[in-house]
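Engineer: Please read through the structure below; I'll follow up with questions.
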Amino acid sequence: MPLALLALAVVAFGIGTTEFATMGLLPQIADGIDVSVPQAGNVVSAYALGVVVGAPILTGIGARIPHKRLLLLLTGLFVIGNVASALAPTFGTLFAARFLAGLPHGALFGVGAVVASRLVAPDRAARAVSKMFLGLTVANIVGVPLVTALGQHLGWRSAYGAVGVIGLIALAALAAFVPHQPRGQQSGIRHELRAMGNRQVAMGLITAVVGFGGFFAVYSYLVPMLTHLTGISGTSITWVLALYGVGMTLGTLIAGPLTDRAPRPTLYAGLILLTAGLVTFYFTVHSTVPALLTITFIGAMGSLITTPVQMLLMAKAKNAPTMAAASNHSAFNLANAGGAWLGGLVISAGWGWASPNLVGAALALAGLGLAFAGGLMDRGRRRSEIITEGKPVTGQETAVHNA
């Protein structure tokens with residue numbers, strides 16, 4: 001079990017590295033393919049678009065494929081996408097390659113989360129899933145700084161080549177350590193889509209888009225905030241972002257045990273504390289030490305939300321959790337795009353570089369309201385089930401029962 005979870009964490013490490021390293025290499029990419037930096041930034045959007053599109057489509061296509069084989073196929077596609085990115089000669093081909101690299105992202109996390117949860121006893125499922133997510137957070141501490149430095153010194157193509165190598169290592173680890181997990185008799189795209197029609201699943205996805213949008217409203221503009229307001233030099237930014245990753249790792253470590261005990265209270269607490277952290281950062285961003293401490297806290301609370309949302313979606317989708325788990329990562333990428341857009345609006349309106357913190361706090365608070373609404377839906381459903389189970393038994397029902 002530990003080696004299987006390690007293999008899944010290596011996959012998550014590669015995904016986290018390729019997703020975030022691009023942001024630190026935009027000037028090099030712009031120079032290399034002869035476009036402006038803003039135009040080069042569109043390759044980040046291409047990857048996010050690939051995630052949003054690929055999560056439901058690839059999960060649906062692979063609904064009848066055994067989980068291990070599907071993991072291997074998706075990881076192979078991830079490798080191809082990153083190697084294609086390293087070899088892309090023009091902006092158009094690079095845009096297409098980044099879209100291709102993003103396609104398996106959500107499906108890999110979705111299938112991986114289901115596999116991880118089934119490697120352990122049900123009361124430890126969230127801890128297993130959080131261990132897979134550790135690969136994503138560690139990527140922000142180790143993978144992104146190292147690959148960014150590699151791309152800055154040896155050229156941006158080497159960065160994507162390095163991610164391709166990480167993908168090959170993950171492919172070998174998955175083949176060696178992840179056990180075979182057969183699909184159930186009811187598996188199939190219709191079964192998965194039927195589960196996605198559950199109102200509680202839809203509410204969970206909306207909560208992820210809105211609540212996590214608060215996190216990304218700030219993360220997207222963290223570098224200009226730190227350079228313009230905190231006074232941190234450009235050469236130190238990489239290590240500050242690694243500190244953000246440390247916070248994310250700490251949040252992931254505590255999310256697993258807390259979610260196993262009480263998933264909804266963990267989600268509520270995470271959103272409340274994230275709101276408080278974003279408001280605090282609005283005031284501490286002007287002082288180095290308080291700003292760094294607040295950044296670490298925000299990173300931790302952002303990660304604390306991830307595991308309970310993932311586990312609640314899988315629980316509400318019942319016997320078809322893979323599509324819901326994968327769609328969660330489409331929701332996160334929509335949160336990334338929406339949070340960044342709203343944060344940019346208030347900056348453009350002249351509210352100042354710190355203003356995305358207030359936008360983020362408002363989104364996190366709105367996400368908390370949606371999470372509470374989902375909790376009330378749970379209570380109402382349980383109450384109706386109790387009433388149904390406790391209704392008077394007719395003579396015909398008694399005869400059937402006795403038979």
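Engineer: Convert each backbone phi in segment 98-105 into a coupling constant with the Karplus relation 6.51 cos²θ - 1.76 cosθ + 1.60 (shift: θ = phi - 60°), then list the ³J(HN,Hα) values in order as whole Hz, x for Gly and Pro.
Structural biologist: 5, 4, 5, 5, x, 3, x, 3
Engineer: To continue, here is another question. Per residue, what accessible area does segment 14-152 have, given a 1.4 Å probe and all protein chains present, in Å²?
Structural biologist: Per-residue accessible area for segment 14-152 comes out at 34 Å².
Engineer: Who wins for biggest fluctuation among Gln310, Gln28, Gln39 in a Gaussian network model of the chain, springs between alpha carbons below 10 Å?
Structural biologist: For the chain, modelled as a Gaussian network with Cα springs under 10 Å, the answer is Gln39.
Engineer: Could you order the peptides 269-278, 126-135, 299-308 from most to least packed, using the average number of other C-beta atoms within 10 Å per residue?
Structural biologist: By packing density, highest mean first, the sequence is 299-308, 126-135, 269-278.
Engineer: Still on this structure, I have one more. Between Thr227 and Trp351, what length in nm is gained on full extension when 0.36 nm per residue of separation is reduced by their alpha carbon distance?
Structural biologist: Taking 0.36 nm per residue and subtracting the Cα distance, the gain is 42.9 nm.
Engineer: Follow-up question, since we're still on this one. In degrees between 0 and 90, to the nearest 10, how far off the longest principal axis of the chain does helix 125-138 point, with axes built from Cα atoms?
Structural biologist: Once rounded, the angle reads 10 degrees.
Engineer: Measure nothing but the geometry: give the 0 to 90° angle between the long axis through the Cα atoms of 156-177 and the longest principal axis through the Cα atoms of the chain, rounded to 10°.
Structural biologist: 30 degrees
Engineer: Please sort 337-346, 359-368 by packing, taking for each peptide the average over its residues of neighbouring beta carbons within 10 angstrom, highest first.
Structural biologist: Top of the packing list down: 359-368, 337-346.
Engineer: Assigning unit charges at the beta carbon (Lys, Arg +1; Asp, Glu -1) and nothing else, what dipole magnitude in debye, to the nearest 20, does the chain show about its Cα centre?
Structural biologist: Result for the chain is approximately 1080 debye, rounded to the nearest 20.
Engineer: Shifting gears a bit: Please give the helix 199-219 orientation as an angle from the longest Cα principal axis of the chain, in degrees from 0 to 90, rounded to the nearest 10.
Structural biologist: For helix 199-219, the angle is close to 20 degrees.
Engineer: Here's something else I'd like to know. Which value in deg cm²/dmol, rounded to the nearest 500, describes the helix-derived mean residue ellipticity at 222 nm for the chain, given -39,500 (n - 2.57) per DSSP H run of n ≥ 4 and division by the residue count?
Structural biologist: For the chain, the value works out to -27500 deg cm²/dmol.
Engineer: While we're here: Counting only protein heavy atoms and a 1.4 Å probe, tell me what percentage of segment 17-164's accessible area is made up of carbon and sulfur.
Structural biologist: The C+S portion of the solvent-accessible surface of segment 17-164 is 68 percent.
Engineer: I'd like the distance between the alpha-carbon centres of segment 37-61 and segment 4-23, rounded to an integer number of Å.
Structural biologist: Measuring centre to centre over Cα atoms gives 16 Å.
The values are calculated or read from the model by the stated rules, or taken from the named source; none is laboratory data. This is a predicted model, so every value here is computed, not measured. Glycine gets a Cβ as well: all are built from the backbone with ideal geometry, and neighbour counts include every protein chain shown. Side chains included, ligands, DNA and RNA excluded: accessible areas come from the protein's heavy atoms. Shrake-Rupley method; radii C 1.70, N 1.55, O 1.52, S 1.80 Å.
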